[in-house]
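Structure first, then comments.
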Amino acid sequence: MQLTAGVVLGLVFVSLLVAITIGLLRRSRGGGAGAKLSGDSPATVAQWTEGETTRLLSSAELPGLYLLRPRFLSKAENVVFLLLRAAFPRHEIFARIRLSDVLQVKIGPQGMERLRAFRKIANQHVGFVVCDRDMTIVAIVDAKEPDQVINPRDQKLEIIKQRCLQAAQVKYICVYPPQLPRYRELREQILGPAGDLV
């Protein structure tokens, strides 16, 4: 009778060991099919977020890791900003705005198609956004630095940006300091001939 109880106890021990090993293997591989269907548990997400936040906070405390930029706008951008302020005294001018803050992906594309469309604009910026008092976008103005050397990748991104703005039917103007238009010419170019009345 004791031999039989010893064999049963051994079988239970071996079964427990096999179950633990299988569980550890599934966990190290990212979970089985059941885990993929149910998603991460809230505890797992909270642990990752807490750990990630702690890591980011500790890296932000390193002395000398971050420096204040000497200027918010470059000298050429500052000249264009002042030109826009003179041309549009009753409008709001915003500088260095993300393209995704100006454009949105229209309703219709779904899934990967929508994600691809958003990725085209996600990391791009525009120099200036001109808005009326109701914060309706009137025009987008980019300032190009004089003698700026553009690498091929940036040229492709610039073409994508221009095509996206054209598809959104927003007025887009690119100015090249020091060959700037007069503020009245710029105003007429954006608002049209009746721009002086606005």
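Tabulated data
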read-out	value
Matching residues, the range 111-134, being part of a loop (DSSP other than H, G, I, E, B) and surrounded by 15 or more Cβ atoms within 10 Å (Cβ to Cβ)	Q124
Enumeration of residues in the range 44-75 that are assigned to a helix (DSSP H, G or I) and modelled with pLDDT of 85 or more	K75
Restricting the range 76-104 to residues that are in contact with a Leu (Cβ under 9 Å, 6 or more places away or on another chain) and in a loop (DSSP other than H, G, I, E, B), the residue that is surrounded by the fewest Cβ atoms within 10 Å (Cβ to Cβ)	H91
Yes/no for G31 being at pLDDT below 75, surrounded by 10 or more Cβ atoms within 10 Å (Cβ to Cβ) and at positive phi	yes
One residue from L180, L165 being more than 20 Å from R98 (Cβ to Cβ), in contact with a Leu (Cβ under 9 Å, 6 or more places away or on another chain) and of a type outside the set (D, E)	L180
L3 over 30 Å from R96 (Cα atoms), aliphatic (A, V, I, L, M), modelled with pLDDT of 60 or more and surrounded by fewer than 10 Cβ atoms within 10 Å (Cβ to Cβ)	yes
Residue in the range 135-154 that is touching a residue at least 40 places away in the same chain (Cβ under 8 Å), of a type in the set (D, E, K, R), in contact with a Ser or Thr (Cβ under 7 Å, 6 or more places away or on another chain) and in a loop (DSSP other than H, G, I, E, B) present	yes
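For (1) at pLDDT 90 or above; (2) among the aromatic types (F, W, Y); (3) over 22 Å from the mean Cα position of the chain (by Cα), each residue gets a yes or a no:
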| position | (1), (2), (3) |
| --- | --- |
| M112 | no, no, no |
| A117 | no, no, no |
| D132 | yes, no, yes |
| I137 | yes, no, no |
| I140 | yes, no, no |
| A143 | no, no, no |
| N151 | no, no, no |
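The values are calculated or read from the model by the stated rules, or taken from the named source; none is laboratory data. From a predicted model like this one, the values you see are computed outputs, not experimental measurements. Every residue, glycine among them, receives a Cβ derived from its backbone with ideal geometry; neighbour counts consider all protein chains shown.
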